[in-house]
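Engineer: The structure follows.
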Amino acid sequence: MPRPTTAQIAYGSLTVVFSTLAMLLLSRTDSGAGVAVIALAALGLGLLVAMTVPQPRPVAPAVRTVPAASPAERRAPVLAESVREPAGP
């Protein structure tokens, strides 16, 4: 499993903090169970946001292109290189 990037950690953490505050203020709950439910919901939302942040793609190696041969070079015959055999004993 790949490690999370800095952006994923930051977005997930900020989502947890702000969504917890917003849900606590909107629900006006006083019970411990209500706070626990809101905290768990915020953690789930933060995890969802962190996992949906796109990860950087690996950089592909550069491909060298060979310039196209001129028409004259294309018509030139290809000469085979002479192969030298090693001298005998």
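Rule-based calculations on the coordinates, nothing more; no lab input. As the structure is a prediction and not an experimental result, all values here were calculated from the model. Positions of Cβ are backbone-derived with ideal geometry, glycine not excepted, and every protein chain shown enters the neighbour counts.
Engineer: Just grab the label-to-label distance for Val17 and Ala39, each label 7 Å out from Cα along the Cβ direction, in nm (one decimal).
Structural biologist: 1.7 nm
Engineer: Students often get this wrong: which residues of the stretch 19-60 have the backbone nitrogen under 15 Å from the point 7 angstrom along Cα-to-C-beta of Ala7?
Structural biologist: Of the residues in the stretch 19-60, 49-59 have backbone N under 15 Å from the label point off Ala7.
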